[in-house]
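Structure, as structure tokens:
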Amino acid sequence: MSETKINVSFLLLIIGIMLFPLAYTSNAQGLPTDGALTIRPVLQQMGERLLRGKTGSIVAIQPETGEILCLATNSPQGPQMNLAIGKAYAPGSTFKVAQALTLLSEGVVTPETVVDCHQGITDGNIRVGCHQHRSPLNLKDALSFSCNTWFLMNFASMINDDFMYENRDQAIDTWRDYMRSMGLGGPIGVDIPGEKGGLLANSSYLNRRYKDGWDGKTIWWAGMGQGDVTVTPLQLCNLAVTVANRGYYYLPHIHKNAGNRYHIRHNAKVDPEAYGPVIEGMLGAVEKGTATVIKTNYPVCGKTGTVENSGRDHSAFIGFAPMNEPKIAVSVYIEHGGWGADVAAPIGGIIMELYLKGDLSQKSAQMAKRLEK
């Protein structure tokens, strides 16, 4: 019996060495301390400041390398790495970026596709609200002003399209393939133990859940990043990286001596021509839409998210800057933070400005103080 125990222990030791060749230790923030890190101390310190009194995370990545520049977390119990890499949330309207890329790539919409929206959409006894904006909206303005109606209707149209797809199973599985290619809904492969995935509904999942049948209207909440879709803040930042790079990403990593697999380009399934109008829509969000709280003298592309849940809504944001030569991509997710524009967007703007400029403007410094609790 004792010999069996020794053999099992030895086997577990060998497996542990194979999976984690470096001894993993961490500091108070939960960051590794085993070797040189890609973290920029000034960004990390600012991130920790901005998260005081909040529960959530800030992730920043250098798009051209996949290096993690900031990985700050906080909760009532203190820093929790799980909040950034292991806890899956509904992404809310930040997900509309990936949705637009998929709909464009599949030819379900064009940049000129317009939808009427008068503060929401009603289908039977279901009412989905939308904030006030002009109508109708094309794709770019639907992103800029985060129109729920535009995305719900066009997502449902894709799933119900019996001309392009043999059946709804094929439609939803095609949709899911696009999302997974952008690094959403499953572990990406960051070089930190404990990463977990999320949920992207496929046909098998939906056929089990809705035994009486389903269609695009049954699951249309996924069109606006709610319902049968959850992702981690790390995945959301990686989405911003993929858009910044116009179609590819490198595995996010926090060790400077990360292995060769962290230097392999991963290409999204998205049609390269889809990125132009989506990036313009994200630029519009900052210049005239839901993220105008960000004020800079260089072009920033962003997307806010206000995530419905029990209690106060979660506040989310993804973005990158500058628009044409991106140096940083960021995601911010604050539990019960309210509107995406209230907390997450200004935090994202501050992190990007600090990295690009090396310091904050007086106005941004004042905003940072207001955001601290």
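The values are calculated or read from the model by the stated rules, or taken from the named source; none is laboratory data. Predicted model only: the values in this text are computed from it and were never measured. Every residue, glycine as well, gets a Cβ built from its backbone with ideal geometry; the counts of neighbours run over all protein chains shown. We work out accessible area using only protein heavy atoms, side chains counted, and drop any ligands, DNA or RNA first. Shrake-Rupley method; radii C 1.70, N 1.55, O 1.52, S 1.80 Å.
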Restricted to segment 262-280, and to residues that are touching a strand residue (DSSP E or B) at 6+ places or on another chain (Cβ under 8 Å) and in contact (Cβ under 8 Å) with a residue 60 or more places away in the chain, which residue is most open to solvent (accessible area, probe 1.4 Å)?
-> N267
Just a yes or no: is a residue in segment 94-117 assigned to a strand (DSSP E or B), more than 30 Å from P272 (Cβ to Cβ) and without any contact (Cβ under 8 Å) to a residue 40 or more places away in the chain?
-> no
When segment 180-215 is checked residue by residue, the ones that are without any contact (Cβ under 8 Å) to a residue 12 or more places away in the chain and either surrounded by 14 or more Cβ atoms within 10 Å (Cβ to Cβ) or outside any helix (DSSP H, G or I) (or both) are P187, Y210, K211, D212, G213
Looking for whichever is under 30 Å from I264 (Cβ atoms) and basic (K, R) here; the options are R180, R127, R168, R134. Which one fits?
-> R180
Would a scan of segment 296-316 turn up a residue that is assigned to a helix (DSSP H, G or I) and buried (at least 24 other Cβ atoms within 10 Å of the Cβ)?
-> no
Taking the options T230, T218, name whichever one is hydroxyl-bearing (S, T, Y), assigned to a loop (DSSP other than H, G, I, E, B) and surrounded by fewer than 22 Cβ atoms within 10 Å (Cβ to Cβ).
-> T218
When you go through (1) acidic (D, E); (2) in contact (Cβ under 8 Å) with a residue 24 or more places away in the chain; (3) farther than 28 Å from A244 by Cβ one by one for D162, which number turns out not to apply?
-> (2)
Would you check which residues across segment 299-318 are over 19 Å from E287 (Cβ atoms) and out of contact with any Leu (no Cβ under 9 Å at 6 or more places or on another chain) and list them?
-> T306, V307, E308, N309, S310, G311, R312, D313, H314, S315
Selection from segment 44-90 of residues on the phi > 0 side of the Ramachandran plot and open to solvent by 20 Å² or more (accessible area, probe 1.4 Å) yields G53
May I ask you to list the residues in segment 233-261 that are part of a helix (DSSP H, G or I) and buried (at least 19 other Cβ atoms within 10 Å of the Cβ)?
-> P233, L234, Q235, L236, C237, N238, L239, A240, V241, T242, V243, A244
Residue check: is Q99 on the phi < 0 side of the Ramachandran plot and either surrounded by fewer than 18 Cβ atoms within 10 Å (Cβ to Cβ) or touching a His at 6+ places or on another chain (Cβ under 6 Å) (or both)?
-> no
Give me a count of the residues in segment 335-373 that are without any contact (Cβ under 8 Å) to a residue 24 or more places away in the chain and among the basic types (K, R).
-> 3
Taking G223 as meeting all but one of (1) under 25 Å from A156 (Cα atoms); (2) touching a strand residue (DSSP E or B) at 6+ places or on another chain (Cβ under 6 Å), write down the number of the exception.
-> (2)
Across segment 124-146, which residue is modelled with the highest pLDDT among those that are assigned to a loop (DSSP other than H, G, I, E, B) and under 16 Å from E308 (Cβ atoms)?
-> S146
